[in-house]
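Report on the following structure.
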Amino acid sequence: MSSDLSKLSAEEKRRLLKNLLENKKPQNAAAEGASMANSAAVKAFHSQIDELKKFGELPFFQIPDRGHGAHLQFDDEEVINFSGYDYLGLVGHKDINDAVSRAVAEFGSTTSSSRLLCGERKIHGELEKEIASLIGVEAAMAFVGGYQTNETVMGNIVGPEDIILYDSYIHASIQEGSRLSGAKVRPFPHNDWEALNNILAQERAKYRNALIAIEGVYSMDGDIPDLPRYLEVKESHNAWILVDEAHSIGVLGQSGGGIGELFDVDRRKVDLWMGTLSKSFASCGGYLAGDKGLIEFLKYSLPGFSFSVAMTPANAAAALTALKLLRAEPSRPSVACLRAAQFKEALLPRLHTGKAAGSAIIPVFTGDTEKSMMVY
């Protein structure tokens, strides 16, 4: 993974990368003509990329020769993959690979349809039962992608008469879905339930419904919200709450049941549990989980589910088998968190890791976007 970019001075790297990062849209888009490919923004981007390529291989879109999970191989050199998930070390597990092969043999590579029509397969229902059981709720529904899951639910369960309040560090998929909903959107300071409470005290009466969105573990910082406090705020203001567990399900809690298990709260107090299957469960896709009647309603009403092809049998089989392995080997979450804690201890005090604690995410803060782009 060597690159001639390393021969540049820090100032030269800073200048080149700053040009790339600050690629801006043209101010007069209407004057650019009919071809999107010839727009000023596209031309400027390629000009900056070409300038960078003069100095050697770029650190983006690297393609390993082989490997998966925690280890990749480039030019006969094995490296540790710090850019992936695989929190529970299940990618490449023989049981999962075998289950994927059986699913493809039985159901094919795709269902070729949405589940609402004729894309439903028994493996989808089995996966959803396993997800609901792990979380401790009545029902779940699985989606093709995690981003799609958040975008479609946030964009369609509330509207112009409602307000959405999300943590300022919330994932882009929730921010995008919130904008699509047409609801009033109010971010609140990161991990500050008191600020959220104050905003609701001032704004709640103006809206029909209020939806709070937080994460179980924040994906860029690795810190964990005080869920019981957020549930108190929710109840005191007659609000709804969605918890995005993309990075906490399978990791937090004694059996990997997520932040609800960690704090031992009544899972029914959370209106919707959202999560993904790519971080802990060796697959891809997303899910929503909660009350049985609500999930049934969402299966018929969310366009990102009813108008999208069903999750592939292979991905459903991978996630289902990973969930079963977690149940059979409940020590995996604690091992993941222990290794993360050891990694953080090894980094300190030389590097700044913020408030990350108790999860599988350990960030390293450089204090500068350009510096972080240069560290590879």
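For chymotrypsin sites (Phe, Trp or Tyr not before Pro), the sites in the range 226-312 that DSSP calls loop and that have at most 11 other Cβ atoms within 10 Å are 307. The stretch between residue 82 and residue 365 holds 100.4 nm of extra length on full extension. This uses 0.36 nm per residue minus the Cα-Cα distance.
Can you tell me which of 361, 214, 80 moves the most in a GNM of the chain? Springs connect C-alpha atoms under 10 Å apart. Looking only at 361, 214, 80, the largest GNM fluctuation is found for 80. Roughly speaking, what is the stretch gain from residue 351 to residue 98, that is 0.36 nm per residue apart minus the C-alpha to C-alpha distance, in nm to one decimal? Full-extension gain reported as 86.9 nm. Within the shell of other residues whose beta carbon sits under 11 angstrom from the beta carbon of residue 231, the net charge comes to 0, with Lys and Arg scored +1 and Asp and Glu -1.
Each Cα pair under 8 Å and six or more residues apart adds its separation to the average, and for the range 296-376 the resulting relative contact order is 17 percent.
In percent, rounded to a whole number, the relative contact order of the range 250-353 is 29, using alpha-carbon pairs under 8 Å and six or more apart. With the cut-off at 1.5 for a/c, could you classify the range 143-276 from its C-alpha gyration tensor as rounded, prolate or oblate? Oblate, since a/c reaches 1.5 and b/c is not below a/b. In the range 121-218, the portion of solvent-accessible area held by carbon and sulfur atoms comes to 46 percent [1.4 Å probe, whole percent, DNA, RNA and ligands not counted].
Calculate, in nm to one decimal, what residue 264 and residue 201 gain on full extension: separation in residues at 0.36 nm each, minus their alpha carbon distance. Spell out each step's value before the answer.
On the way: separation 63, 0.36 × 63 = 22.68 nm, distance 2.70 nm.
Gain in length upon complete extension: 20.0 nm.
Can you tell me how the range 288-376 classifies by the Cα gyration tensor, rounded, prolate or oblate, using a/c under 1.5 as the rounded cut?
Details: a/c = 2.65, a/b = 1.75, b/c = 1.51.
Prolate, since a/c reaches 1.5 and a/b exceeds b/c.
Per residue, the chain exposes 52 Å² of accessible surface when a 1.4 Å probe is rolled over the protein heavy atoms with every protein chain present. Among residues other than residue 144 with Cβ under 15 Å from its Cβ, the summed charge is 0 (Lys and Arg +1, Asp and Glu -1).
Counting only trypsin sites (Lys or Arg not before Pro) that are in a DSSP loop and have at most 12 other C-beta atoms within 10 Å, tell me the longest site-free stretch of the chain.
Details: sites that count: 24, 54, 208, 350, 355.
Answer - 55-207.
Just add up the charged neighbours of residue 271: K/R +1, D/E -1, any other residue whose Cβ is under 11 Å from the Cβ of residue 271. With Lys, Arg at +1 and Asp, Glu at -1, the net is +3. With contacts taken as Cα pairs under 8 Å at a separation of at least 6 residues, the chain carries a relative contact order of 20 percent. Comparing 117, 127, 298 in a Gaussian network model of the chain where C-alpha atoms under 10 Å apart are linked, the largest mean-square fluctuation is found at 117. Here the dipole of the chain is about 440 debye; that uses its Cα centre as origin and unit charges on the Cβ of Lys and Arg (positive) and Asp and Glu (negative).
Take the Cα of residue 335, go 7 Å toward its beta carbon, and the backbone nitrogen atoms of the range 269-289 under 15 Å from that spot belong to 280-282.
Rounded, prolate or oblate, given the Cα gyration tensor of the chain, with a/c below 1.5 counting as rounded? Provide the component values of the computation, followed by the final result.
Working: a/c = 1.37, a/b = 1.20, b/c = 1.14.
Here the chain falls in the rounded category.
Among the lysines in the range 218-376, how many pairs, 8 or more places apart or on different chains, have alpha carbons under 24 Å apart? Total qualifying Lys-Lys pairs in the range 218-376 comes to 12.
The values are calculated or read from the model by the stated rules, or taken from the named source; none is laboratory data. Since this is a predicted model, take the numbers as computed values, not measurements. Cβ sites come from the backbone with ideal geometry, for glycine too, and all protein chains shown count toward neighbours. Only protein heavy atoms, including side chains, enter the accessible area calculation; ligands, DNA and RNA are left aside. Shrake-Rupley method; radii C 1.70, N 1.55, O 1.52, S 1.80 Å.
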